Amino acid sequence: MEILAIILFLSIFILILYGYPVAFTLGGISILYAVCFLDPVSFTALPPRIMGVMSNYVLLAAPLFIYMGIMLEKSGLAESLLETMAILFGKLKGGLAISVVLVGALLAASTGIVGATVITMGLISLPTMLKRGYSPELATGTIAASGTLGQIIPPSVVLVLLGSVLNVSVGDLFAAALLPGLLLVVLYIVYIMILATLRPESAPSIPEEEIKAFKQDNFIWKVLNAFFLPMLLIVAVLGSIFAGIASPTEAAAVGAMGASILTIVQGKFNLNILKAVMRETTHLTSMVFIILLGATTFTFVFREMNGDGYLISLIENANLSPMVFLALVMIVVFVAGFFIDFIEIIFIVVPVVAPIFVAFEIDLVWIGILLALNLQTSFLSPPFGFSLFYLKGVAPPEVTTQHLYRGIIPFVVIQLIFLFLIILFPEIIYWVGNWIGMG
């Protein structure tokens, strides 16, 4: 029976790689194995399990954060942010690229949706960077890397889903992810500054006349308008969670309402926008929850077949240390990220390995942050990184796939080094939580 559980896991993974729909593959194959190999009485435990997942209050944060991200994408906030930030850093070599990283971080903290951020940044900033003489490699690498910061900087949909699967507090994950996310932003900026110094022709500064022209017309108001509104939203969402005023779900509702108000303030809100946002939110939310139902069925059948117990005994008999097992999981997740989406990895791989981490008495909050960083890295890695596909879809014809691959490699190396540092120095993730009294 235990061997059948492993075959179930492998068969689902192979079918997904072949392109079969994830939700129906997860649920359908699991039910098929259960009908063939399990006692029919065990099926009575499945409906309560599914209803328990569907009524999980924490998961209500997912559609609310998705709505918040899509509404902000429609608000035009990214465009005004990038324009203002580019002027502020315009005198620096690489200043425009630095502004793209900072705007990407702010959008990540405001939306948490990778695809929307990468596409928005690609449409707004890529033509501008190319027009100003930036090398296609640096321009595409900066945009793709900045767009994926939404995987780790809270409020992140990835962290909400990981919290649900690992059964840990989403608030604790948010607090633990904040400092690693900000440090990653700093590392990106340091790399850009070094590259701009060594190869100034690849990252020229903005002409002095253009900076003066922008500053002449209500400059202070432009800066306040561009920064104040998104920062207000970020403080409202994350501040209410860290201060203990609101749960992540309640804060997500605040964020959804705040995003709607910001869109109204920007003059972009109308009935067509609202319909489009609601349609996209419903589509993404339905996709997440259908996959979640399939994953719940898979996890139930896998455990009924004692698949998790078999894996634990296998690892114990192999005398694998916790760190060796962690390294194996990180490699599997990294490679899987080339081929399948982060939602599928969270719902297929994580439920299988989580009990083993519990048996090793490893802190699951730390594991959650490592997984989020790893998923972020795999999102960028050639040849199948999803962010690269998103960006290529909106890039001008002169930007080739080779430009994207060459541009993103330094950022992938930065993230892999940073992931290794978080493994070596796990205390980094607890500094914010300890400072605000969480965890």
(message) Using a Cα-Cα cut-off of under 13 Å, which aspartates and glutamates could be cross-linked to residue 74, ignoring same-chain neighbours fewer than 8 residues away?
(response) 280
(request) Please tell me which of these pairs span more than 22 angstrom C-alpha to C-alpha: 93/131; 131/392; 93/268; 222/275? (result) 93/268; 222/275
(request) Quick one: angle between helix 219-234 and the longest Cα principal axis of the chain, in degrees between 0 and 90, rounded to 10, please. (result) 10 degrees
(request) Please build a GNM for the chain, connecting alpha carbons under 10 Å apart, and tell me which residue among 143, 261, 153 fluctuates the most. (result) 261
(message) How would 273, 14, 356 line up from fewest to most surrounding beta-carbon atoms within 10 angstrom?
(response) 14, 273, 356
(message) Using a Gaussian network model on the chain with a 10 Å cutoff between Cα atoms, which of 389, 411, 228 fluctuates the most?
(response) 228
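Which chymotrypsin sites (Phe, Trp or Tyr not before Pro) in the range 4-79 pass both tests, a DSSP loop state and at most 16 other beta-carbon atoms within 10 Å? Could the numbers behind the result be given before it?
On the way: sites: 9, 13, 18, 24, 33, 37, 43, 57, 65, 67; in loops: 18.
Of the chymotrypsin sites (Phe, Trp or Tyr not before Pro), the ones in loops of the range 4-79 whose Cβ has at most 16 other Cβ atoms within 10 Å are 18.
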(request) Please name which of 97, 170, 13 has its Cα lying farthest along the dipole of the range 2-436 towards the positive end, using unit charges on Cβ (Lys, Arg +1; Asp, Glu -1) and the Cα centre as origin. (result) 97
(message) When 1/r is averaged over all different Cα pairs and the result inverted, which Kirkwood radius in Å belongs to the range 204-314?
(response) 18.9 Å
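Could you give the length gained by full extension between residue 416 and residue 231, i.e. 0.36 nm per residue of separation minus their alpha carbon distance, to one decimal place?
Difference between extended and current length: 63.7 nm.
So what is the relative contact order for the range 2-436, in percent, with contacts set as C-alpha pairs under 8 Å and at least six apart?
28 percent
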(message) Using a 7 Å offset from Cα along Cα-Cβ at residue 49, what residues in the range 341-372 end up with backbone N under 19 Å from the label point?
(response) 344-359
(request) Hey, for a label at residue 243 modelled as a point 7 Å past Cα toward Cβ, could you say which residues of the range 253-277 have their backbone N under 11 Å away? (result) none
(message) On a full-extension model of 0.36 nm per residue, what is the gain between residue 409 and residue 431, subtracting their alpha-carbon distance, rounded to one decimal in nm?
(response) 4.9 nm
(request) Any chance you could give the angle, 0 to 90 degrees and rounded to 10, that helix 322-339 forms with the longest Cα principal axis of the chain? (result) 70 degrees
(request) Counting helices only, and only those DSSP H runs with n ≥ 4, report the 222 nm mean residue ellipticity of the chain as the sum of -39,500 (n - 2.57) divided by its residues, in deg cm²/dmol to the nearest 500. (result) -25000 deg cm²/dmol
(message) Can you tell me which of 108, 295, 23 moves the most in a GNM of the chain? Springs connect C-alpha atoms under 10 Å apart.
(response) 23
(message) Compute the angle between helix 136-147 and the longest alpha-carbon principal axis of the chain, please, reported from 0 to 90 degrees and rounded to the nearest 10.
(response) 60 degrees
(request) Return the loop-located trypsin sites (Lys or Arg not before Pro) in the range 243-315 (DSSP other than H, G, I, E, B) with at most 14 other Cβ atoms within 10 Å of their own Cβ; answer none if there are none. (result) 268
(request) Using R₀ = 45 Å, calculate the FRET efficiency as 1/(1 + (r/R₀)^6) where r is the Cβ-Cβ separation of residue 32 and residue 221; round to 0.05. (result) 0.10
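Read-outs: derived from the displayed coordinates by stated rules, not from any lab. This one's a predicted model, so the numbers in the text were calculated from it and none came from an experiment. A quick note on method: Cβ atoms are made from the backbone with ideal geometry, for glycine too, and the neighbour counts reach across all protein chains shown.
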